[in-house]
Amino acid sequence: MASTILDSVMGSIGGSVPLGKSSQGYVMALDAGTTSVRAVLFDEYGCRVAQAQRSLTMLYPHPGWVEQDPVEILSRQIACMIEVQFKSGIHSDRIKSVGITNQRETVVVWDRRTGQPIYNAIVWQCRRTAPLVEELVERGYADLIRERTGLVPDAYFSATKIRWILDNVEGAREMADAGALMCGTIDTWLIYNLTHGLVHATDYTNASRTMLFDIKKLDWDDELCNIVGVPRSMLPECRPSAGGFGRVSSDIMTQHPPIAGVAGDQQASLFGHCCFEPGNVKNTYGTGCFMLMNVGTEPIFSQNGLVTTVGIADGTEVDYALEGSVFQAGSTIQWIRDELGLVETAAETSDIARSVPNTDGCYLVPAFTGLGAPWWNSDARGVVCGITRATNRARLVRAACESLAYQSYDVLKAMEADSGHSIPSLSADGGAARNEFIMQFQADLLDIEVVRAELSETTALGAAYLAGLATGFWADREELQTITAHSAIYVPGMEQTTREQLLAGWHEAVRRTLM
């Protein structure tokens, strides 16, 4: 039973929390990201009133492989849930519902009888299954995958990660065929354990990132499951993002509030920005850059290297989205800090970048694990080009910062071409959105306004919004729009000739990366 893990986790953290006395309500959002997990409490005005956070250990057993310990993810998430109650004095009797948002595509496989993982979680960044994807393409399944799932076949997505575990963990294939294994993305893993094994479910947005989900029928696709080699019996039930996902076990939260909202991190961010109309676009500048455009109730299939995904699923009808994924964004800043030692903190990159007028023709293309949209080349590797004797620390730092904006430019222009929408503004969030230089350079490159959210991580806010709507904490989308705030608007000011010269240099650098 799942209680095997939950009991051991609770034993290391502590038991239930004392109850508060006020009747005022709050919504708790669990944000299970790539590098950390958080629990955030929001009030009725959408204001963050308390937060607890724990970092996660990243494991790199081989070049290109990325893993995490599923039990660590769970235990640290529960620790955050308990800590945020103690530090705020807001306990579970005042928490009306819980929302979950999570790093997408990362998968866990566990034993149905014991609840124990049979292998580490394989993280979305992991490239080990590229040969399996190539095999699917060579067998002629690329068009079928795209038509059913909206996705470009790639190791980024979950399906081949599950297949790899079944093929490489001793006895796993036999257990799966016998119905003894379960699997899911991180939301499913948390739901299963937080409900003491009572609920094995995911939402439509997370399911749409697996490469096994028919985005029109809103259900698992039996043919794709058979082609990839993933028994459907392993997969969770698929549900709308706003609704019932069970209740948190009383071992964790004494009053066991309902889990009422679930969405993948980028779709949660789309919802947190209130991008409810076709043509609304948001970009999250996190570990990667993830841009989503709401395209309405009919999916649009990209001709320009984007993927089609479920965007918003807070009711019986879904809104679809075009998405472009940039694999290396904030991680590029981490690289120049941790591996190159060019900066001591990420925060100082803005001032350093602005200390020089330009990069003097130097470009960094951070294809550390390949290039995502609109290129989708898993073999590409990073390039620094245009280096001269004048290239110095500041210009390299500026080139790294500029790379986030250049990659996002390419994605947004692909979205405009596919959708027919001319985008008047871009909503921005994420840790790197706090970098003033990057935001202004992004506005200059795109020649549109960039609107930065008040809350840097709208993923948690979006999860709270979904859970609050499902339980009546907020009345409707209109109320959410009245309480959603932004902190800055960046207005473009670059000359067209300068913009064209910079972009020409960038695209030449990308060409060299793809050689």
For the range 158-200, what does the convex hull of the Cα positions come to per residue, in cubic angstrom?
75 Å³
Charge dipole of the chain about the Cα centre (unit charges at C-beta), most positive-ward option of MET515, ALA443, LEU41
LEU41
With R₀ set to 30 angstrom, the calculated FRET efficiency between the beta-carbons of SER88 and ALA488, to the nearest 0.05, is 0.65
Cα-derived Rg over Rh, computed across the range 248-395 with Rh taken as Kirkwood radius
1.09
Which of LYS161/LYS216; LYS161/LYS413; LYS217/LYS282; LYS161/LYS217; LYS87/LYS282 exceed 29 Å between C-alpha atoms? The answer is LYS161/LYS413; LYS87/LYS282
Output needed for the range 345-488: three equivalent-ellipsoid semi-axes, defined as square roots of 5 times the C-alpha gyration tensor eigenvalues, in descending order, whole Å.
33, 18, 15
Not counting ligands, DNA or RNA, and with a 1.4 Å probe, what is CYS275's accessible surface area in Å² rounded to the nearest 10?
0 Å²
Under 5 Å between amide hydrogens, which residues at least 5 positions from HIS91 or on another chain qualify, with H placed 1.01 Å from N in the peptide plane?
GLY20
Order TRP124, TRP335, most accessible first, counting only protein heavy atoms with a 1.4 angstrom probe.
TRP335, TRP124
Karplus (6.51, -1.76, 1.60) ³J(HN,Hα), θ = phi - 60°, over the range 426-434, in Hz, Gly and Pro reported as x:
10, 7, 10, 8, x, x, 6, 5, 7
Report D for the range 412-515 in µm² per second (integer): Stokes-Einstein, Kirkwood Rh on Cα pairs, 10 °C, 1.306 mPa s.
98 µm²/s
Measure off, as a whole percent, the carbon and sulfur share of the 1.4 Å-probe accessible area of the chain, all protein chains present.
48 percent
Would you mind working out the magnitude of the charge dipole of the range 269-410 relative to its Cα centre, with +1 at each Lys and Arg C-beta and -1 at each Asp and Glu C-beta, to the nearest 20 Debye?
680 debye
When the expected Rg is taken as 2.2 N^0.38 Å, what fraction or multiple of it is the alpha-carbon Rg of the range 220-262?
1.66
Please get the size of the charge dipole for the chain, origin at its Cα centre, with Cβ charges of +1 on Lys and Arg and -1 on Asp and Glu, quoted in debye to the nearest 20.
900 debye
Here P(r) for the range 116-195, Cα-Cα distances in 5 Å bins, as whole percents, is 3, 14, 22, 21, 20, 14, 5, 1, 0
Calculate the radius of gyration of the Cα atoms of the range 187-302 to one decimal place, then report Dmax, the largest Cα-Cα distance, as a whole number, both in Å.
15.9, 47
With unit charges on the beta carbon (Lys/Arg positive, Asp/Glu negative), name the residue among TYR285, VAL248, GLY311 whose Cα is farthest towards the positive pole of the charge dipole of the range 237-360.
VAL248
222 nm mean residue ellipticity, helices alone, for the chain (DSSP H n ≥ 4; -39,500 (n - 2.57); rounded to 500):
-10500 deg cm²/dmol
Whether the range 33-83 is rounded, prolate or oblate, judged on the alpha carbon gyration tensor where a/c under 1.5 counts as rounded
prolate
If DNA, RNA and ligands are ignored and the probe is 1.4 Å, what is the ranking of THR498, THR185 by accessible area, most exposed first?
THR498, THR185
Starting from the amide H of CYS126, placed 1.01 Å from N in the peptide plane, find each other amide H under 5 Å away whose residue is 5 or more places distant or on another chain.
VAL66
What is the Cα centroid distance between the range 124-180 and the range 360-386, reported in whole angstrom?
25 Å
Rolling a 1.4 angstrom probe over the protein chains, ignoring ligands and nucleic acids, what is the accessible area of SER158 in square angstrom, nearest 10?
0 Å²
State, to one decimal in nm², a quarter of the convex hull surface area for the C-alpha atoms of the chain, i.e. the direction-averaged projected area.
22.3 nm²
For the range 356-421, just say rounded, prolate or oblate: build the C-alpha gyration tensor, square-root its eigenvalues into a ≥ b ≥ c, call rounded for a/c under 1.5, and beyond that prolate if a/b exceeds b/c, oblate if not.
oblate
For the range 481-495, take each phi angle, set θ = phi - 60°, evaluate the Karplus expression 6.51 cos²θ - 1.76 cosθ + 1.60, and give the result in whole Hz per residue in order, putting x for glycine and proline.
5, 6, 9, 7, 10, 10, 10, 7, 10, 9, 9, x, x, 8, 5
State which stretch of the chain is the longest one without any exposed trypsin sites (Lys or Arg not before Pro), exposure meaning a DSSP loop state and at most 10 other Cβ atoms within 10 Å.
218-388
The range 249-358: GluC sites (Glu not before Pro) falling in loop per DSSP and having at most 12 other Cβ within 10 Å
GLU317, GLU339, GLU344
Arrange the residues GLU174, GLU83 by how much accessible surface each exposes, largest first, with a 1.4 angstrom probe.
GLU174, GLU83
Once Rh is set to the Kirkwood radius over Cα pairs, what Stokes-Einstein translational diffusion coefficient, in µm²/s, holds for the range 100-163 at a temperature of 20 °C and a viscosity of 1.002 mPa s?
166 µm²/s
Which of SER158, VAL137, ALA79 sits farthest toward the positive end of the charge dipole of the range 54-179, with +1 on the Cβ of Lys and Arg and -1 on the Cβ of Asp and Glu?
ALA79
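The values are calculated or read from the model by the stated rules, or taken from the named source; none is laboratory data. From a predicted model like this one, the values you see are computed outputs, not experimental measurements. When we count neighbours, we look across all protein chains shown, and the Cβ atoms used for this are built from the backbone with ideal geometry, even at glycine. Ligands, DNA and RNA are excluded from the accessible area calculation, which covers all protein heavy atoms including side chains. Shrake-Rupley method; radii C 1.70, N 1.55, O 1.52, S 1.80 Å.
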